[in-house]
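K.L.:
Sharing a structure, written as structure tokens. Questions coming.
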Amino acid sequence: MDDLVNQRAQLATTNTHEQMPDNEIHCLRQRLQSHAQQLQALTAELSHVRKIFNQASAMARIGVWECTLADGCLSWSDVIYDIFDLPRGSTLSRAEVFQLYAPHSRAELEIKRAQAIAECGSFSMEAEVITPRGNRRWVRITASVEKEGELPLRIFGMKQDITEEKMHLDQIRELAENDMMTGLSNRARFQSVFPGFCESNTDAPAGLMLIDLDGFKGVNDTFGHAAGDACLKQVAERLTSVLDPAQIVARIGGDEFAALIGPSVSPEEVEAMAWRLVEALSRPLIYEDQPLIVGGSVGVAFTGPEIGPTALFRHADLALYAAKGAGRNRVCLFDTKRAATIGSYRRAG
């Protein structure tokens with residue numbers, strides 16, 4: 001650029017004693033024209049690159065942002081305005097924008113932002129946003145701090161709308177963790193939660209309830225699998241209704257179910273809840289206007305200081321076995337005080 005300016009100045013300046021020869025003027029004009037064409041080509045290429053970048057950013061829902069730390073002045077590209085449902089180019093208030101983040105995301109963002117500024121470092125996170133129009137979106141944020149000397153000058157980065165990605169992941173997780181027939185949690189979900197449930201409830205008794213349907217095989221054999229499927233769906237509805245306080249209700253086998261009930265529900269209430277469940281399962285199920293009779297046996301055991309997941313499940317399973325052996329359609333509790341004695345159960349009164 002400086003070379004082009006110098007050539008123009010040279011062309012425009014005449015010597016006080018002599019004129020520049022015509023051939024030199026012609027060469028300078030050619031060089032000027034060549035440089036002008038190069039500049040035009042570079043400008044067009046830059047415009048094309050900017051257009052491609054903007055289109056790619058819009059398609060990927062990625063925008064660029066920066067914030068001057070001295071005055072908190074925010075600058076966004078158009079995509080970010082669209083993500084937040086704000087008019088493009090409108091004046092941004094950092095305090096107002098911050099309030100658009102869901103409380104849990106806002107708290108995490110405040111901590112990570114402050115740490116990055118203090119260390120002149122960077123961070124990334126996924127945040128939930130509630131726009132002024134009430135739309136809930138998920139945004140992936142990347143940020144880096146620019147410093148001048150040792151002082152942080154500005155923080156900048158990118159924000160990407162990952163709402164659809166989160167929805168797909170949630171759907172995949174739901175398919176992986178839920179029983180497709182009943183909508184309850186599946187065995188894999190139960191097994192992933194169960195160890196933590198035991199470990200976090202060693203000081204206060206929390207309940208494991210195992211439920212096994214009585215007479216379900218007869219329904220399948222007599223009326224077919226379609227009737228059995230309808231039966232399982234209705235059973236699931238009754239389980240979730242009666243066991244509303246449970247942290248998780250899962251189908252762990254063909255006609256076997258489990259529930260984890262936290263220590264906020266007393267052992268006495270867990271026992272009473274189990275009996276209400278037996279009563280609910282004893283009521284006829286309906287398939288094609290025909291009543292189907294099944295029932296349920298329940299075994300209950302409670303966590304304790306020295307009771308791990310394997311022992312707790314075994315206790316509840318033994319209690320369930322005792323309930324079935326005592327005539328089915330009843331509740332048995334494992335007696336933790338006599339855990340060393342096999343078959344030490346008591347029938348709930």
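The values are calculated or read from the model by the stated rules, or taken from the named source; none is laboratory data. Note that this is a predicted model, so its numbers are computed, not measured. Cβ coordinates were reconstructed from backbone atoms using ideal geometry, including for glycine residues, and neighbour counts include every protein chain displayed. Ligands, DNA and RNA are excluded from the accessible area calculation, which covers all protein heavy atoms including side chains. Shrake-Rupley method; radii C 1.70, N 1.55, O 1.52, S 1.80 Å.
K.L.:
Specify whether the C-alpha gyration tensor of the stretch 141-234 places it in the rounded, prolate or oblate class, a ≥ b ≥ c being the square roots of the eigenvalues: rounded for a/c under 1.5, otherwise prolate if a/b is larger than b/c and oblate if not.
P.N.:
Numbers: a/c = 7.30, a/b = 2.21, b/c = 3.30.
It is oblate, given that a/c is not under 1.5 and a/b is not larger than b/c.
K.L.:
At R314 and Q40, where each label point lies 7 Å from the Cα along Cα→Cβ, what is the point-to-point distance in nanometres?
P.N.:
8.8 nm
K.L.:
Calculate what fraction, in whole %, of the accessible area of the chain sits on carbon and sulfur atoms when a 1.4 Å probe is rolled over the protein chains. Provide the component values of the computation, followed by the final result.
P.N.:
Values: 10460 of 20130 Å².
Ligands and nucleic acids excluded, carbon and sulfur give 52 percent.
K.L.:
For D335 and A204, compute 0.36 nm times the residue count separating them, minus their Cα-Cα distance, and round to one decimal in nm. Spell out each step's value before the answer.
P.N.:
Working: separation 131, 0.36 × 131 = 47.16 nm, distance 1.57 nm.
Working it through step by step, the gained length comes to 45.6 nm.
K.L.:
Stokes-Einstein diffusion coefficient for the stretch 208-334 at 10 °C in a medium of 1.306 mPa s, Rh from the Kirkwood formula over Cα pairs: what value in µm²/s?
P.N.:
On the way: Rh = 14.7 Å.
After rounding, the answer is 108 µm²/s.
K.L.:
Right, another one. Between L169 and T131, what length in nm is gained on full extension when 0.36 nm per residue of separation is reduced by their alpha carbon distance? Walk me through the numbers on the way to the answer.
P.N.:
Numbers: separation 38, 0.36 × 38 = 13.68 nm, distance 2.18 nm.
Value of the extension gain: 11.5 nm.
K.L.:
Considering only protein heavy atoms, with the full assembly of protein chains and a 1.4 angstrom probe, order R187, R136, R154, R238 by accessible area, largest first. Show your work: numbers first, answer last.
P.N.:
On the way: R187 110, R136 145, R154 65, R238 45 Å².
Putting R187, R136, R154, R238 in descending order of accessible area: R136, R187, R154, R238.
K.L.:
Ignoring everything but the protein chains, give the 1.4 Å probe accessible area of K217 in square angstrom, nearest 10.
P.N.:
Only protein atoms counted, so the area is about 140 Å².
K.L.:
Sort L213, L86 from largest to smallest accessible area, using a 1.4 Å probe on the heavy atoms of the protein chains.
P.N.:
Values: L213 5, L86 45 Å².
Largest to smallest exposure gives the sequence L86, L213.
K.L.:
Where does each of 115-124, 26-35 land if you order them by average Cβ count within 10 Å, highest first? Working shown, then result.
P.N.:
Values: 115-124: 14.2, 26-35: 12.3.
For the peptides 115-124, 26-35, the packing ranking is 115-124, 26-35.
K.L.:
So, one more: Might you work out the accessible area of M158 for me, using a 1.4 Å probe with all protein chains in place, and round it to the nearest 10 Å²?
P.N.:
Taking all protein chains as shown, M158 has close to 90 Å².
K.L.:
Evaluate the Debye formula for the chain with equal point scatterers sitting on the alpha carbons, no solvent, and hand back log10 of I(q)/I(0) at q = 0.06, 0.12, 0.13 Å⁻¹, in q order, two decimals.
P.N.:
-0.47, -0.95, -0.99
K.L.:
Now a separate question. Would you please name the trypsin sites (Lys or Arg not before Pro) within the stretch 260-335 that are DSSP coil residues with at most 15 other C-beta atoms within 10 Å of their C-beta?
P.N.:
On the way: sites: R276, R314, K324, R328, R330; in loops: R328, R330.
Here the sparse-neighbourhood loop sites are R328.
K.L.:
Over the chain, with the other protein chains present, what is the accessible area per residue in square angstrom, probe 1.4 angstrom? Before the final figure, lay out each step's value.
P.N.:
Values: 20130 Å² over 349 residues.
Per-residue value: 58 Å².
K.L.:
Continuing with the same structure: Taking +1 at the Cβ of each Lys and Arg and -1 at the Cβ of each Asp and Glu, which of S124, A246, A107 sits farthest along the dipole of the chain towards its positive end, judged by Cα position relative to the Cα centre?
P.N.:
A246
K.L.:
Going by accessible area, probe 1.4 Å, with all protein chains left in place, what is the ranking of L281, L69, largest first?
P.N.:
Listed by decreasing accessible area, they come as L69, L281.
K.L.:
Hey, another quick one. Please work out the FRET efficiency for the pair E110 and S266, using the Cβ-Cβ distance as r and a Förster radius of 56 Å; give the result to the nearest 0.05.
P.N.:
Numbers: r = 39 Å, r/R0 = 0.70.
Approximately 0.90, to the nearest 0.05.
K.L.:
Lys pairs in the chain, Cα-Cα under 25 Å, at least 8 apart or on separate chains: how many?
P.N.:
Here the count comes out as 9.
K.L.:
Continuing with the same structure: How high is the relative contact order of the chain, given as a whole-number percent (alpha carbon pairs under 8 Å, six or more residues apart)? Intermediate results must be reported in sequence, preceding the final value.
P.N.:
Working: 548 pairs, mean separation 39.6, N = 349.
Answer for the chain is 11 percent.
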